[in-house]
1. How big is the C-alpha Rg of the stretch 36-94 next to the rule-of-thumb value 2.2 N^0.38 Å, as a ratio?
2. Could you compute Rg(Cα) / (2.2 N^0.38 Å) for the stretch 118-163, with N its residue count?
3. Given the whole protein assembly as supplied and a 1.4 Å probe, what does the accessible area of Leu213 come to in Å², nearest 10?
4. Kindly work out what percent of the DSSP beta bridges joining two residues of the chain are antiparallel, to the nearest 5.
5. Quick one: which residues, 5 or more positions from Gly81 or on another chain, have an amide H under 5 Å from its amide H? H modelled 1.01 Å from N in the peptide plane, none for Pro or chain starts.
6. Once you charge only the Cβ atoms, +1 for Lys and Arg and -1 for Asp and Glu, what is the size of the charge dipole of the chain about its Cα centre, to the nearest 20 debye?
7. Go through Gly194, Phe183, Pro212 and say which Cα lies farthest out towards the positive end of the charge dipole of the stretch 183-223; charges sit on Cβ, +1 for Lys and Arg, -1 for Asp and Glu.
8. Any chance you could list the semi-axes, whole Å, largest first, of the equivalent ellipsoid that the Cα gyration tensor gives for the chain, using √(5λ)?
Amino acid sequence: MNSDRTVIIVAGGAGTRMGADVPKQFLLLQGKPILMHTIRVFSSISSIADIILVLPELQIDHWSELCKKYDFNIPHTIVKGGETRFRSVSNGLDKVSNLDALVAIHDGVRPLISTDVVENCFRAAALFGNAIPVIKPVESVRLSDNTNSYPVDRDKVYLVQTPQVFKASIIKRCYEVSWPPSFTDDASVLEFSGENIHLVEGNRENIKITTPLDLTIAEVIFNVNSM
């Protein structure tokens, strides 16, 4: 087992766009909470030594109850989240003491990440200091300034996914800055410090489950993969 690989899974959703009464990471997918599927993917990769789960403080007890209910016993460390995703990631990074480690930061509601993509991201980050998975859009793309819209060459556009993997010493230093609205993901935080971002091909199935349609699509993908 490679003790230099850690995963931080950030799960702070409220389920608003789902129209659900429970946070989206706790909604059932294939009969179990989405978050359990996400953690299981990373636990299946033997080179990953530690899984850190960042949850809002008010959700931690409920998560413990769900783990008992579904007999979920994959080892992971629970960390209290912050008021923003930026602060939640920062809290998770505080638990990473090995500055030589590689740290993957992943959305809790992306349970369909490919293990091959995860491995590719770790390998690329070891070489370049960071790696983020991306896919190209299949639709035409336009930009709007609220008055006019303009076509964009979609071959130059990438849709960003997670996990985003970084050398711990670099990303921990970058998270010591204040949070500006321009930080849309962890790569944005790194880029703010002057680092170049290295892209790795992601997998199109790696959707972020935020709407009822996303949940339906995820169910279909799981059913197809199990055939």
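1. Details: Rg = 12.1 Å, N = 59, 2.2 N^0.38 = 10.4 Å.
Here the answer is 1.16, to two decimals.
2. Values: Rg = 14.8 Å, N = 46, 2.2 N^0.38 = 9.4 Å.
Here the Cα radius of gyration is 1.57 times the empirical estimate.
3. Per-residue accessible area (Leu213): approximately 110 Å².
4. On the way: 14 of 32 bridges.
Once the DSSP bridges in the chain are tallied, antiparallel ones form about 45 percent.
5. Leu55, Glu57
6. Working: 22 positive and 26 negative charges, 31 e Å.
It comes to approximately 140 debye.
7. Positive-most Cα among the choices belongs to Pro212.
8. Working: eigenvalues 131, 108, 67 Å².
Equivalent ellipsoid of the chain: 26, 23, 18 Å, largest first.
The values are calculated or read from the model by the stated rules, or taken from the named source; none is laboratory data. Note that this is a predicted model, so its numbers are computed, not measured. Here the Cβ is made from the backbone with ideal geometry for all residues, glycine too, and neighbour counts use every protein chain on show. Side chains included, ligands, DNA and RNA excluded: accessible areas come from the protein's heavy atoms. Shrake-Rupley method; radii C 1.70, N 1.55, O 1.52, S 1.80 Å.
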